[in-house]
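Worksheet: one structure, shown below.
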Amino acid sequence: MQIGIPLETVAGETRVAATPETVKKLVGQGHTLLVQHGAGLRAGITDAQFEAAGASLTDAATALGSEMVLKVRSPQAEELAQIRSGAVLVGMLDPFDAEGLQRLAAAGLTSFALEAAPRTTRAQSMDVLSSQANIAGYKAVMLAAEHYPRFFPMLMTAAGTVKAARVVILGVGVAGLQAIATAKRLGAVIEASDVRPSVKEQVESLGAKFIDVPYETDEEREAAEGVGGYARPMPQSWLDRQKAEVAKRVAAADVVITTALIPGRAAPTLVTAEMVQSMRQGSVIVDMAAGKGPQGHDGNTPLTQADQVVQADGVTIVGHTNLAARVGADASALYARNVLDFLKLVLPAEKGLTIDMEDDIVAACLMTQNGETRRK
(Lines give C-alpha, C1' and ligand atoms only; values in the text may rest on other atoms or scores of the structure.)
Protein backbone atom coordinates (compact mmCIF):
# COMPACT_ATOMS: atom_id res chain seq x y z
CA MET A 1 0.00 0.00 0.00
CA GLN A 2 1.08 3.58 -0.65
CA ILE A 3 1.39 5.33 2.72
CA GLY A 4 1.83 9.11 3.05
CA ILE A 5 3.44 10.98 5.95
CA PRO A 6 2.65 14.72 5.68
CA LEU A 7 4.11 17.60 7.67
CA GLU A 8 1.79 18.50 10.56
CA THR A 9 0.37 21.99 10.03
CA VAL A 10 -1.32 22.73 13.38
CA ALA A 11 0.45 25.64 15.07
CA GLY A 12 3.06 24.47 17.58
CA GLU A 13 2.88 20.82 16.52
CA THR A 14 6.36 19.30 16.31
CA ARG A 15 5.49 15.62 16.12
CA VAL A 16 5.46 13.40 13.05
CA ALA A 17 3.48 10.18 12.56
CA ALA A 18 6.41 8.01 11.44
CA THR A 19 10.12 7.78 12.16
CA PRO A 20 12.97 6.14 10.26
CA GLU A 21 12.54 3.15 12.59
CA THR A 22 8.88 2.59 11.65
CA VAL A 23 9.36 3.58 8.01
CA LYS A 24 12.01 0.89 7.61
CA LYS A 25 9.67 -1.75 9.04
CA LEU A 26 6.77 -0.69 6.82
CA VAL A 27 8.98 -0.67 3.72
CA GLY A 28 10.20 -4.13 4.71
CA GLN A 29 6.58 -5.28 4.67
CA GLY A 30 6.26 -4.17 1.04
CA HIS A 31 4.62 -0.77 1.47
CA THR A 32 5.64 2.41 -0.33
CA LEU A 33 6.32 5.29 2.05
CA LEU A 34 5.96 8.87 0.80
CA VAL A 35 7.25 11.44 3.30
CA GLN A 36 6.74 15.15 2.80
CA HIS A 37 9.93 17.20 2.70
CA GLY A 38 10.66 18.53 6.20
CA ALA A 39 7.98 16.41 7.91
CA GLY A 40 10.34 15.34 10.69
CA LEU A 41 12.61 18.35 11.09
CA ARG A 42 10.82 19.70 14.16
CA ALA A 43 11.20 16.27 15.76
CA GLY A 44 14.92 16.16 14.98
CA ILE A 45 14.56 13.85 11.95
CA THR A 46 16.15 14.88 8.65
CA ASP A 47 14.92 14.07 5.16
CA ALA A 48 18.13 12.12 4.61
CA GLN A 49 17.28 9.83 7.54
CA PHE A 50 13.86 9.08 6.07
CA GLU A 51 15.44 8.37 2.67
CA ALA A 52 18.01 6.06 4.24
CA ALA A 53 15.14 4.12 5.82
CA GLY A 54 13.58 3.55 2.40
CA ALA A 55 11.07 6.39 2.09
CA SER A 56 10.62 8.61 -0.94
CA LEU A 57 10.50 12.37 -0.33
CA THR A 58 7.67 14.31 -1.88
CA ASP A 59 5.44 17.37 -1.54
CA ALA A 60 2.36 17.81 0.65
CA ALA A 61 -0.16 17.07 -2.10
CA THR A 62 1.46 13.74 -2.97
CA ALA A 63 1.82 12.64 0.65
CA LEU A 64 -1.78 13.57 1.42
CA GLY A 65 -2.96 11.97 -1.80
CA SER A 66 -1.71 8.51 -0.82
CA GLU A 67 -3.91 5.45 -0.33
CA MET A 68 -3.28 5.67 3.41
CA VAL A 69 -2.31 8.82 5.33
CA LEU A 70 -0.71 8.70 8.77
CA LYS A 71 -1.12 11.85 10.86
CA VAL A 72 -0.68 13.06 14.39
CA ARG A 73 -3.56 15.54 14.41
CA SER A 74 -6.85 15.50 12.52
CA PRO A 75 -6.42 17.15 9.09
CA GLN A 76 -7.25 20.82 8.75
CA ALA A 77 -9.55 22.00 5.95
CA GLU A 78 -6.78 22.61 3.42
CA GLU A 79 -5.27 19.19 4.16
CA LEU A 80 -8.60 17.39 3.99
CA ALA A 81 -9.21 18.82 0.53
CA GLN A 82 -6.07 17.05 -0.71
CA ILE A 83 -6.88 13.60 0.71
CA ARG A 84 -8.50 11.40 -1.91
CA SER A 85 -11.96 9.94 -1.40
CA GLY A 86 -11.67 6.32 -0.34
CA ALA A 87 -8.33 6.82 1.38
CA VAL A 88 -7.55 5.50 4.86
CA LEU A 89 -6.65 8.01 7.56
CA VAL A 90 -4.97 7.01 10.83
CA GLY A 91 -4.23 9.47 13.63
CA MET A 92 -5.42 11.20 16.76
CA LEU A 93 -8.72 12.38 15.30
CA ASP A 94 -10.64 13.27 18.49
CA PRO A 95 -13.47 10.71 18.60
CA PHE A 96 -15.64 13.17 20.55
CA ASP A 97 -15.50 15.83 17.83
CA ALA A 98 -18.74 14.98 16.05
CA GLU A 99 -18.40 17.79 13.52
CA GLY A 100 -14.83 16.83 12.70
CA LEU A 101 -15.78 13.21 12.17
CA GLN A 102 -18.67 14.25 9.94
CA ARG A 103 -16.23 16.18 7.74
CA LEU A 104 -14.07 13.07 7.43
CA ALA A 105 -17.11 11.01 6.50
CA ALA A 106 -18.24 13.58 3.93
CA ALA A 107 -14.78 13.41 2.37
CA GLY A 108 -15.27 9.66 1.86
CA LEU A 109 -12.50 8.58 4.20
CA THR A 110 -12.09 5.39 6.17
CA SER A 111 -10.66 6.82 9.37
CA PHE A 112 -9.27 5.37 12.58
CA ALA A 113 -8.92 7.44 15.77
CA LEU A 114 -6.22 5.84 17.88
CA GLU A 115 -7.41 7.54 21.09
CA ALA A 116 -10.49 5.31 20.97
CA ALA A 117 -8.55 2.08 21.48
CA PRO A 118 -9.84 0.16 24.52
CA ARG A 119 -7.72 0.29 27.68
CA THR A 120 -6.85 -3.41 27.61
CA THR A 121 -3.60 -5.32 27.94
CA ARG A 122 -3.65 -6.23 24.25
CA ALA A 123 -4.05 -2.59 23.23
CA GLN A 124 -1.27 -1.22 25.46
CA SER A 125 1.33 -1.07 22.70
CA MET A 126 -0.92 1.19 20.62
CA ASP A 127 -2.26 3.35 23.47
CA VAL A 128 -1.47 6.84 22.21
CA LEU A 129 -3.18 8.50 25.17
CA SER A 130 -0.78 6.82 27.59
CA SER A 131 2.37 7.31 25.51
CA GLN A 132 1.72 11.01 25.03
CA ALA A 133 0.42 11.65 28.57
CA ASN A 134 3.59 10.08 29.92
CA ILE A 135 5.65 12.65 28.05
CA ALA A 136 3.32 15.49 29.02
CA GLY A 137 3.63 14.62 32.72
CA TYR A 138 7.40 14.83 32.46
CA LYS A 139 7.32 18.14 30.60
CA ALA A 140 4.85 19.65 33.07
CA VAL A 141 7.38 19.24 35.87
CA MET A 142 10.20 20.65 33.76
CA LEU A 143 8.09 23.71 32.98
CA ALA A 144 7.25 24.11 36.64
CA ALA A 145 10.96 24.01 37.51
CA GLU A 146 11.64 26.60 34.83
CA HIS A 147 9.07 29.07 36.15
CA TYR A 148 9.62 28.42 39.87
CA PRO A 149 12.08 31.04 41.15
CA ARG A 150 13.77 28.65 43.57
CA PHE A 151 15.48 25.25 43.55
CA PHE A 152 13.50 22.00 43.55
CA PRO A 153 15.90 19.96 45.74
CA MET A 154 17.07 20.73 49.24
CA LEU A 155 20.59 22.15 49.12
CA MET A 156 23.01 22.59 51.98
CA THR A 157 25.61 25.21 51.11
CA ALA A 158 28.13 27.40 52.91
CA ALA A 159 25.66 30.24 52.48
CA GLY A 160 22.86 28.32 54.17
CA THR A 161 20.28 25.63 53.55
CA VAL A 162 17.68 25.81 50.78
CA LYS A 163 14.45 23.96 51.50
CA ALA A 164 13.08 21.48 48.98
CA ALA A 165 10.11 22.58 46.90
CA ARG A 166 6.70 21.27 47.94
CA VAL A 167 4.85 19.87 44.93
CA VAL A 168 1.18 18.89 44.89
CA ILE A 169 -0.07 16.79 41.96
CA LEU A 170 -3.82 16.57 41.43
CA GLY A 171 -4.87 13.58 39.38
CA VAL A 172 -2.86 10.37 39.34
CA GLY A 173 -3.34 8.91 35.89
CA VAL A 174 -0.43 8.25 33.53
CA ALA A 175 0.54 11.94 33.39
CA GLY A 176 0.27 12.37 37.15
CA LEU A 177 2.39 9.32 37.91
CA GLN A 178 5.10 10.49 35.53
CA ALA A 179 4.93 13.96 37.10
CA ILE A 180 5.48 12.38 40.54
CA ALA A 181 8.45 10.37 39.30
CA THR A 182 10.04 13.38 37.59
CA ALA A 183 9.53 15.75 40.53
CA LYS A 184 11.01 13.09 42.84
CA ARG A 185 14.12 12.86 40.66
CA LEU A 186 14.49 16.63 40.97
CA GLY A 187 14.43 16.34 44.76
CA ALA A 188 11.02 17.83 45.56
CA VAL A 189 8.72 16.82 48.43
CA ILE A 190 5.57 15.55 46.77
CA GLU A 191 1.95 15.03 47.72
CA ALA A 192 -0.69 13.70 45.35
CA SER A 193 -4.46 13.45 45.28
CA ASP A 194 -6.98 11.53 43.23
CA VAL A 195 -10.68 10.74 43.50
CA ARG A 196 -9.70 7.06 43.30
CA PRO A 197 -8.34 6.00 46.70
CA SER A 198 -7.15 2.79 45.02
CA VAL A 199 -4.14 4.62 43.53
CA LYS A 200 -2.60 5.30 46.95
CA GLU A 201 -0.20 2.38 46.62
CA GLN A 202 1.07 3.60 43.23
CA VAL A 203 1.62 7.10 44.59
CA GLU A 204 3.57 5.87 47.61
CA SER A 205 5.65 3.47 45.51
CA LEU A 206 7.01 6.49 43.63
CA GLY A 207 8.01 8.26 46.81
CA ALA A 208 5.11 10.68 47.20
CA LYS A 209 2.60 11.05 50.01
CA PHE A 210 -1.02 10.38 49.17
CA ILE A 211 -3.49 12.98 50.42
CA ASP A 212 -5.65 10.54 52.31
CA VAL A 213 -9.27 11.26 53.19
CA PRO A 214 -10.70 8.76 55.72
CA TYR A 215 -13.98 7.00 55.02
CA GLU A 216 -16.85 7.81 57.36
CA THR A 217 -19.64 5.58 56.03
CA ASP A 218 -20.05 2.08 54.65
CA GLU A 219 -21.14 3.63 51.34
CA GLU A 220 -17.79 5.43 51.06
CA ARG A 221 -15.80 2.31 51.90
CA GLU A 222 -17.73 0.23 49.37
CA ALA A 223 -17.24 2.81 46.60
CA ALA A 224 -13.51 2.96 47.31
CA GLU A 225 -13.16 -0.79 46.79
CA GLY A 226 -14.37 -0.45 43.20
CA VAL A 227 -15.69 -3.13 40.87
CA GLY A 228 -13.70 -5.31 38.49
CA GLY A 229 -10.49 -3.45 39.12
CA TYR A 230 -12.03 -0.05 38.44
CA ALA A 231 -12.86 2.58 41.03
CA ARG A 232 -16.48 3.64 41.40
CA PRO A 233 -17.55 7.30 41.72
CA MET A 234 -17.08 8.42 45.30
CA PRO A 235 -20.06 9.85 47.27
CA GLN A 236 -20.37 13.64 47.41
CA SER A 237 -19.75 13.64 51.16
CA TRP A 238 -16.29 12.18 50.60
CA LEU A 239 -15.56 14.48 47.65
CA ASP A 240 -16.40 17.54 49.77
CA ARG A 241 -13.97 16.45 52.49
CA GLN A 242 -11.31 15.70 49.88
CA LYS A 243 -11.70 19.17 48.37
CA ALA A 244 -11.21 20.80 51.78
CA GLU A 245 -8.10 18.70 52.43
CA VAL A 246 -6.65 19.48 49.00
CA ALA A 247 -7.24 23.21 49.56
CA LYS A 248 -5.00 23.05 52.65
CA ARG A 249 -2.20 21.35 50.73
CA VAL A 250 -2.47 23.75 47.77
CA ALA A 251 -2.10 26.72 50.12
CA ALA A 252 1.19 25.27 51.40
CA ALA A 253 2.49 24.22 47.97
CA ASP A 254 5.22 25.80 45.91
CA VAL A 255 4.13 23.99 42.74
CA VAL A 256 0.76 22.52 41.79
CA ILE A 257 0.33 20.33 38.71
CA THR A 258 -3.22 19.51 37.66
CA THR A 259 -3.88 16.62 35.27
CA ALA A 260 -7.64 15.98 35.34
CA LEU A 261 -9.13 15.50 31.87
CA ILE A 262 -12.39 13.72 31.08
CA PRO A 263 -12.74 12.65 27.42
CA GLY A 264 -15.74 14.28 25.79
CA ARG A 265 -16.49 16.50 28.78
CA ALA A 266 -15.23 19.76 30.22
CA ALA A 267 -12.30 19.38 32.59
CA PRO A 268 -13.30 19.67 36.26
CA THR A 269 -12.26 22.65 38.36
CA LEU A 270 -9.69 21.45 40.89
CA VAL A 271 -8.04 24.71 41.96
CA THR A 272 -10.47 27.55 42.54
CA ALA A 273 -9.60 31.25 42.35
CA GLU A 274 -9.73 31.32 46.15
CA MET A 275 -7.16 28.53 46.33
CA VAL A 276 -4.86 30.46 44.00
CA GLN A 277 -5.14 33.51 46.27
CA SER A 278 -4.07 31.34 49.21
CA MET A 279 -0.79 30.34 47.54
CA ARG A 280 2.54 32.04 48.21
CA GLN A 281 4.07 34.64 45.91
CA GLY A 282 6.24 32.95 43.30
CA SER A 283 4.31 29.68 43.37
CA VAL A 284 3.57 27.92 40.08
CA ILE A 285 0.56 26.05 38.69
CA VAL A 286 0.94 23.94 35.56
CA ASP A 287 -2.56 23.24 34.26
CA MET A 288 -2.44 20.20 31.99
CA ALA A 289 -6.14 20.61 31.19
CA ALA A 290 -5.63 24.08 29.70
CA GLY A 291 -8.16 24.87 27.01
CA LYS A 292 -10.48 22.06 28.10
CA GLY A 293 -12.26 23.72 31.03
CA PRO A 294 -15.90 24.79 31.39
CA GLN A 295 -15.22 28.13 29.69
CA GLY A 296 -13.26 26.60 26.81
CA HIS A 297 -10.10 28.64 27.38
CA ASP A 298 -9.49 27.66 31.02
CA GLY A 299 -8.70 24.27 32.53
CA ASN A 300 -8.53 22.76 36.02
CA THR A 301 -8.43 26.31 37.34
CA PRO A 302 -10.65 29.14 36.03
CA LEU A 303 -7.66 31.49 35.89
CA THR A 304 -5.84 29.46 33.24
CA GLN A 305 -5.47 30.95 29.77
CA ALA A 306 -4.93 28.40 26.99
CA ASP A 307 -1.43 28.58 25.47
CA GLN A 308 -0.50 31.43 27.79
CA VAL A 309 1.65 31.87 30.89
CA VAL A 310 -0.16 34.32 33.16
CA GLN A 311 0.23 35.82 36.61
CA ALA A 312 -2.64 35.77 39.12
CA ASP A 313 -2.17 37.03 42.67
CA GLY A 314 1.57 36.50 42.36
CA VAL A 315 1.15 32.90 41.14
CA THR A 316 2.43 31.85 37.70
CA ILE A 317 -0.14 29.74 35.83
CA VAL A 318 1.21 27.79 32.86
CA GLY A 319 -1.46 26.88 30.30
CA HIS A 320 0.34 25.24 27.39
CA THR A 321 -2.12 22.94 25.60
CA ASN A 322 0.24 20.56 23.78
CA LEU A 323 2.95 19.54 26.22
CA ALA A 324 3.91 16.36 24.36
CA ALA A 325 4.84 18.43 21.30
CA ARG A 326 7.43 20.21 23.45
CA VAL A 327 9.35 16.93 23.52
CA GLY A 328 8.93 16.33 19.80
CA ALA A 329 11.62 13.73 19.20
CA ASP A 330 10.62 11.22 21.87
CA ALA A 331 6.91 11.97 21.49
CA SER A 332 7.18 11.15 17.78
CA ALA A 333 9.18 7.99 18.44
CA LEU A 334 6.58 6.62 20.86
CA TYR A 335 3.60 7.74 18.78
CA ALA A 336 5.05 6.21 15.60
CA ARG A 337 5.46 2.87 17.39
CA ASN A 338 1.83 3.07 18.55
CA VAL A 339 0.79 3.65 14.92
CA LEU A 340 2.95 0.80 13.66
CA ASP A 341 1.41 -1.65 16.12
CA PHE A 342 -2.08 -0.57 15.11
CA LEU A 343 -1.27 -1.01 11.43
CA LYS A 344 -0.43 -4.65 12.12
CA LEU A 345 -4.15 -5.14 12.74
CA VAL A 346 -5.41 -3.49 9.55
CA LEU A 347 -2.47 -4.25 7.23
CA PRO A 348 -1.65 -7.88 8.01
CA ALA A 349 1.33 -9.43 6.21
CA GLU A 350 0.81 -10.08 2.49
CA LYS A 351 -2.71 -8.65 2.56
CA GLY A 352 -4.23 -5.31 1.71
CA LEU A 353 -6.41 -3.26 4.02
CA THR A 354 -8.35 -5.59 6.30
CA ILE A 355 -11.03 -4.22 8.62
CA ASP A 356 -11.96 -7.01 10.99
CA MET A 357 -14.96 -5.79 12.97
CA GLU A 358 -14.61 -8.82 15.23
CA ASP A 359 -11.39 -7.27 16.52
CA ASP A 360 -12.35 -5.08 19.47
CA ILE A 361 -9.48 -2.62 18.87
CA VAL A 362 -10.22 -2.14 15.17
CA ALA A 363 -13.94 -1.79 15.81
CA ALA A 364 -13.40 0.77 18.57
CA CYS A 365 -11.01 2.91 16.51
CA LEU A 366 -13.02 2.93 13.27
CA MET A 367 -14.66 6.36 13.10
CA THR A 368 -15.88 6.77 9.51
CA GLN A 369 -16.48 4.44 6.57
CA ASN A 370 -18.52 4.57 3.37
CA GLY A 371 -19.53 8.19 3.95
CA GLU A 372 -20.91 7.58 7.44
CA THR A 373 -19.68 8.09 10.97
CA ARG A 374 -19.59 4.95 13.07
CA ARG A 375 -18.96 6.63 16.42
CA LYS A 376 -21.94 6.13 18.74
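The values are calculated or read from the model by the stated rules, or taken from the named source; none is laboratory data. Being a predicted model, the structure only gives us computed values, none of them experimental. So basically every Cβ, Gly included, is an ideal-geometry build from the backbone, and we count neighbours across all protein chains shown.
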Legend entry - Single residue of segment 191-210 satisfying the filter (part of a strand (DSSP E or B) and free of Cβ contacts under 8 Å to residues at least 24 places away in the same chain) that is farthest from Val167 (Cα to Cα): Phe210
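Inspect segment 186-206 for any residue being among the basic types (Lys, Arg) and modelled with pLDDT of 95 or more and give the result as yes or no. Don't jump to the end; show me each part of the working.
If we filter segment 186-206 for residues that are among the basic types (Lys, Arg), which is where we start, we get 196, 200.
Then drop every residue that is not modelled with pLDDT of 95 or more, which leaves none.
Within segment 186-206, none of the residues are among the basic types (Lys, Arg) and modelled with pLDDT of 95 or more.
Mind checking which strands (runs of 3 or more DSSP E) fall wholly inside segment 1-107 and carry at least 3 residues that are more than 20 Å from Met126 (Cα to Cα) and touching a helix residue (DSSP H, G or I) at 6+ places or on another chain (Cβ under 9 Å)?
Working: elements: 2-5, 32-36, 56-58, 68-73, 88-92.
So the answer is 32-36.
Looking only at segment 128-183, how many residues end up being hydroxyl-bearing (Ser, Thr, Tyr), more than 30 Å from Val339 (Cβ to Cβ) and touching a residue at least 60 places away in the same chain (Cβ under 8 Å)?
The first filter runs over segment 128-183 and keeps only residues hydroxyl-bearing (Ser, Thr, Tyr), leaving 130-131, 138, 148, 157, 161, 182.
If we keep only those that are more than 30 Å from Val339 (Cβ to Cβ) too, we end up with 148, 157, 161.
Keeping just the survivors that are touching a residue at least 60 places away in the same chain (Cβ under 8 Å) gives 148.
Residues that pass the stated criteria total 1.
Going by what's in this entry, would Leu104 be described as aliphatic (A, V, I, L, M), surrounded by fewer than 18 Cβ atoms within 10 Å (Cβ to Cβ) and within 24 Å of the chain's Cα centre (by Cα)? Outline the logic, then answer.
Details: aliphatic (A, V, I, L, M): yes; surrounded by fewer than 18 Cβ atoms within 10 Å (Cβ to Cβ): no; within 24 Å of the chain's Cα centre (by Cα): yes.
No; evaluated as a whole, the condition is false for this residue.
Take the residues in segment 110-137 that are under 11 Å from the mean Cα position of the chain (by Cα) and not hydrophobic (A, V, I, L, M, F, W, C); name whichever of them is surrounded by the fewest Cβ atoms within 10 Å (Cβ to Cβ). Outline the logic, then answer.
In the first step, residues of segment 110-137 are kept if they are under 11 Å from the mean Cα position of the chain (by Cα); the result is 115, 127-137.
Still in the running and not hydrophobic (A, V, I, L, M, F, W, C): 115, 127, 130-132, 134, 137.
Details: Glu115: 17, Asp127: 22, Ser130: 19, Ser131: 23, Gln132: 25, Asn134: 22, Gly137: 28.
Top of the filtered list is Glu115.
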Inset, instruction - Identify, from the list Gly176, Gly171, the residue that is closer than 30 Å to Glu222 by Cβ, assigned by TED's automatic domain parsing to the domain that holds Val315, modelled with pLDDT of 95 or more and buried (at least 18 other Cβ atoms within 10 Å of the Cβ). - result: Gly176
Inset, instruction - Tell me the strands (runs of 3 or more DSSP E) entirely within segment 264-376 that contain at least 1 residues that are in contact with a strand residue (DSSP E or B) (Cβ under 9 Å, 6 or more places away or on another chain), acidic (Asp, Glu) and outside the structural domain of Ser111 (by TED's automatic domain parsing). - result: 284-287
Inset, instruction - Would you mind stating whether Ala81 is more than 27 Å from Ile355 (Cβ to Cβ) and over 25 Å from the mean Cα position of the chain (by Cα)? - result: no
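Output the strands (runs of 3 or more DSSP E) that fall wholly within segment 133-182 and possess 1 or more residues being touching a Phe, Trp or Tyr at 6+ places or on another chain (Cβ under 9 Å), or say none. Talk me through it step by step, then tell me what you get.
Values: elements: 155-157, 160-162, 166-170.
Once the strands (runs of 3 or more DSSP E) in segment 133-182 are filtered for at least 1 residues that are touching a Phe, Trp or Tyr at 6+ places or on another chain (Cβ under 9 Å), what remains is 160-162, 166-170.
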Legend entry - Pairs with Cβ under 9 Å, 6+ apart, first in segment 42-68 and farther than 26 Å from Ala324 by Cβ, second in a loop (DSSP other than H, G, I, E, B) and basic (Lys, Arg): Gly65/Arg84; Glu67/Arg84
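From the list Thr32, Thr9, which one is hydroxyl-bearing (Ser, Thr, Tyr), farther than 20 Å from Leu104 by Cβ and touching a residue at least 12 places away in the same chain (Cβ under 8 Å)?
Of Thr32, Thr9, the one residue that is hydroxyl-bearing (Ser, Thr, Tyr), farther than 20 Å from Leu104 by Cβ and touching a residue at least 12 places away in the same chain (Cβ under 8 Å) is Thr32.
Let's see how each residue does on (1) farther than 24 Å from Ala244 by Cβ; (2) crowded, with 22+ Cβ neighbours inside 10 Å:
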site: Thr269; (1), (2): no, no
site: Glu274; (1), (2): no, no
site: Ile285; (1), (2): no, yes
site: Met288; (1), (2): no, yes
site: Gln305; (1), (2): yes, no
site: Val310; (1), (2): yes, no
site: Ala325; (1), (2): yes, yes
Legend entry - Pair list, Cβ < 8 Å and 6+ apart or interchain, from segment 352-364 residues that are farther than 14 Å from Arg122 by Cα to residues that are modelled with pLDDT of 95 or more and among the hydroxyl-bearing types (Ser, Thr, Tyr): Leu353/Thr110; Ile355/Thr110
